[in-house]
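The values are calculated or read from the model by the stated rules, or taken from the named source; none is laboratory data. It should be emphasised that the depicted structure is a prediction, and the values quoted were computed from it without experimental measurement. Counting neighbours? That spans all protein chains shown, and the Cβs are built from the backbone with ideal geometry, glycine included. The protein model used for the area step is the full one, side chains on, heavy atoms only, and it has no ligands, DNA or RNA in it. Shrake-Rupley method; radii C 1.70, N 1.55, O 1.52, S 1.80 Å.
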Amino acid sequence: MVVAVATTIAAEAKAPSGRPSGRLSLSRLRWWRGVVLVLTGIFFLLPLYAALRFALENNLGHLTSAAFSAIPHMTGFLSALYLSLRLAAVTMVITLVLMVPTTIYVHLKYPRLLVAFDAITLLPIGIPPIVLIIGVLQSAPFVLKSSPYLLSLEYVILAMPFAYRSLDAGLRAIDLKTLVEASRSLGGRWISTMWRVIVPNLRTALASATILSLALVLGEFTMASLDLYTTLPVWVVNTDAVTAHVSVAVSFLSLVLTWFLLLALSAIDRRQFRKVRVVDEET
Amino acid sequence: MATTAERRLRAPGLGNLASRSKAPPPGRRPWLRGLRGLLGLAPFAVYTALFLGVPTVAVVVGAFQTPHGGFTFKNVTIAAHAPYSNGFVESLELALVTSIVPGILGVFIAYAVHTSRGTLLRRIVSTASGVFANFGGVQLAFLFIATLSTTGVVTVWLQDVGISLTTRWLFTFKGVALVYMYFQLPLMVLIVTPALNGLRPAWREASQNLGAKGWQYWRYVGGPVLAPTVLGCTLLLFGFGLSAYATARALTAGTIPLTPIQIGDVMNGNVIAGEQNVGMALGLGLVIVIVVVLVFYTLLQRRASRWLSR
């Protein structure tokens, strides 16, 4: 699942040149564009609105925030959230430690392998999570099977396609080779080149990869339910039997909060980008 | 964006230094260096092999094993007959519908966003599609339960204007397909947008200078350039729709026979204990379809990269 918001965020940054010039056949373009965007907006906002309303109404149809304020007190909610957050943290750390050096390495030393890498990192989109988890439960040693962190190890695989793609987009946007050569020729070691030159340049790519893995872990249901761990989504499904209002409220909150997090990130990135450009022009 | 380091490097006199550092260290055999170089890829290769390769192989092997470890075709035979064959047909139909429709609509939406001038709009769309495509499953199912179930907000509106959905409409094939659109469309927008950025304005201007009308540009230039990417992305949606489990599970509690749901039932022991290997045979079926999809995807991608370099 996938793919790179970071690609689009990164592309967005340089997009203006890529846009077809709007003046040509403008009027015709405008109305269909408006229709498409409005319809899409309705399709995507309507369920969000409906969920908010559903969560704010009690069975008699009165407005109340009871469903929201009840969330922390529901049995099992806090432990499910805590488990999900721990899994997310482990997933994010492993993803970064594994993918960042590898992607940089391939970009620097084996650019010809990039095509193959694109294909390999797509595999997890294809192999269904349900097949993956039964294979894991079949083949993993007992030590791993008895720990919830087995899920994190697999989430790294699920997160790989878009983690790789956002890092890839980030690396393509900077002049990696020049940066590395400059740092090396000034006497920097590999470690300090990575940590003090490349990573700061990849901040946005890293952050969006991280937040998207957070989204993935907070939403992943298939593997967790088959591995019999009550993560947040599993809890939401189980709670539905008790009270649908709370399930809907939690779903709404987790979706909207993650979205805002990502939106805020892209806004911050935008501002930094502008600052850099201004500084650039001044010097 | 030019950094100070880059600037300094471009300064006269330093250029040589940079290129000199690239020369191979003397006195080492080339094959040894090659091997050492590949060592850098080892952590990634080992990790992928352990947590993606080994489980997949385990499923493929398990599909041909009895519970005691002997070789058998029985699981595959059971998986190829009812009720599992129905599940396969239903799954393929659902994946087909939920890849073709968002595959087409997604291009229009992505293009509409792409040509709009508002950066805020683009930012909202790109972040929202990232979240919706990744968040898949459970949360989306509950949004739609609030929208279109018997007491859902939109169901009530529709009743007010005289349209009454059959009870439990959301939990039928059509309803599940609609919910799938909610993550398939954003996914399509996400993966097709980079290709739109690759359409150069110069091509459009050139075709206009040569007197082409709007539709002619799309028929002879834009369309052919985009077609392999769009097809490839649609194939990915197909694979994604085929393997989705959480949404259907949360919505229907298994009333529609879809292969992933059936696998889940078998593995959870909801059917008959000891049928785990049949579940793996079903998994094998999915893996085969996915492999075919990915092969075609790679071929299309190669074709697409002829014009659209990322």
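Annotations
- Only a single criterion out of (1) crowded, with 20+ Cβ neighbours inside 10 Å; (2) at pLDDT below 85; (3) closer than 30 Å to B:A253 by Cβ is not satisfied by B:V192, namely (3).
- Among residues of segment A:63-77 that are under 19 Å from A:A51 (Cα atoms) and β-branched (V, I, T), those with a Cβ under 8 angstrom from a residue that is open to solvent by 40 Å² or more (accessible area, probe 1.4 Å) and outside any loop (DSSP other than H, G, I, E, B), sequence gap 6+ or separate chain, pair up as A:T64/A:L56; A:T64/A:E57; A:I71/A:L253.
- Hits in segment B:205-235 (condition: touching a helix residue (DSSP H, G or I) at 6+ places or on another chain (Cβ under 8 Å), outside any loop (DSSP other than H, G, I, E, B) and free of Cβ contacts under 8 Å to residues at least 60 places away in the same chain): B:S207, B:Q208, B:G214, B:Q216, B:Y217, B:Y220, B:V221, B:G222
Results for (1) crowded, with 17+ Cβ neighbours inside 10 Å; (2) within 7 Å of chain A (Cβ to nearest Cβ), shown as yes or no for each residue.
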| position | (1), (2) |
| --- | --- |
| B:A80 | no, no |
| B:A95 | yes, no |
| B:T98 | yes, no |
| B:V101 | yes, no |
| B:I104 | no, no |
| B:A112 | yes, yes |
| B:L120 | no, no |
| B:V125 | yes, no |
| B:G130 | yes, yes |
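- Under the condition of being open to solvent by 60 Å² or more (accessible area, probe 1.4 Å) and under 25 Å from the mean Cα position of the chain (by Cα), the residues counted in segment A:28-40 number 0.
- Qualifying positions in segment B:54-68 - more than 9 Å from chain A (Cβ to nearest Cβ) and among the small types (G, A, S): B:A63
- Search result, residues across segment A:176-197 that are outside any helix (DSSP H, G or I) and open to solvent by less than 70 Å² (accessible area, probe 1.4 Å): A:G187, A:G188
- Whether a residue is surrounded by 21 or more Cβ atoms within 10 Å (Cβ to Cβ) and without any contact (Cβ under 8 Å) to a residue 24 or more places away in the chain was assessed, and A:G170 does not pass this test.
- Of all residues in segment B:158-189 being of a type in the set (A, V, I, L, M, F, W, C) and over 21 Å from A:I42 (Cα atoms), the one that is least open to solvent (accessible area, probe 1.4 Å): B:F171
- Filtered residues of segment A:37-67 (kept if at pLDDT 85 or above, more than 12 Å from A:V248 (Cα to Cα) and either of a type outside the set (G, A, S) or in contact with a helix residue (DSSP H, G or I) (Cβ under 9 Å, 6 or more places away or on another chain) (or both)): A:L37, A:V38, A:L39, A:T40, A:I42, A:F43, A:F44, A:L45, A:L46
Here is a yes/no grid of residues against (1) aromatic (F, W, Y); (2) more than 8 Å from chain A (Cβ to nearest Cβ); (3) crowded, with 23+ Cβ neighbours inside 10 Å:
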{"site": "B:G222", "(1), (2), (3)": "no, yes, no"}
{"site": "B:G241", "(1), (2), (3)": "no, yes, yes"}
{"site": "B:L251", "(1), (2), (3)": "no, yes, yes"}
{"site": "B:E275", "(1), (2), (3)": "no, yes, no"}
{"site": "B:G283", "(1), (2), (3)": "no, no, yes"}
{"site": "B:V292", "(1), (2), (3)": "no, yes, no"}
{"site": "B:V295", "(1), (2), (3)": "no, yes, no"}
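- The test for being facing chain A (nearest Cβ under 7 Å) and buried (at least 21 other Cβ atoms within 10 Å of the Cβ) holds for B:V138.
- Only residues that are open to solvent by 70 Å² or more (accessible area, probe 1.4 Å) and within 14 Å of another protein chain (Cβ to nearest Cβ) were counted in segment A:41-99, giving 9.
- Pairs are defined by a Cβ separation below 9 Å, a sequence spacing of at least 6 or placement on different chains, a first member in segment B:129-157 that is under 26 Å from A:S208 (Cα atoms) and free of Cβ contacts under 8 Å to residues at least 60 places away in the same chain, and a second member that is assigned to a loop (DSSP other than H, G, I, E, B) and open to solvent by less than 10 Å² (accessible area, probe 1.4 Å); the pairs so defined are B:A133/A:V2; B:N134/A:V2.
- Selection count, segment A:127-167, where residues are within 7 Å of chain B (Cβ to nearest Cβ), open to solvent by 10 Å² or more (accessible area, probe 1.4 Å) and free of Cβ contacts under 8 Å to residues at least 40 places away in the same chain: 3
- When each of A:T95, A:T40 is tested for being of a type in the set (S, T, N, Q), in contact with a Leu (Cβ under 9 Å, 6 or more places away or on another chain) and either closer than 30 Å to A:A241 by Cα or part of a helix (DSSP H, G or I) (or both), the lone residue that passes is A:T40.
- Some residue of segment B:176-186 being under 30 Å from B:R306 (Cβ atoms) and either of a type outside the set (S, T, N, Q) or not in a helix (DSSP H, G or I) (or both): yes
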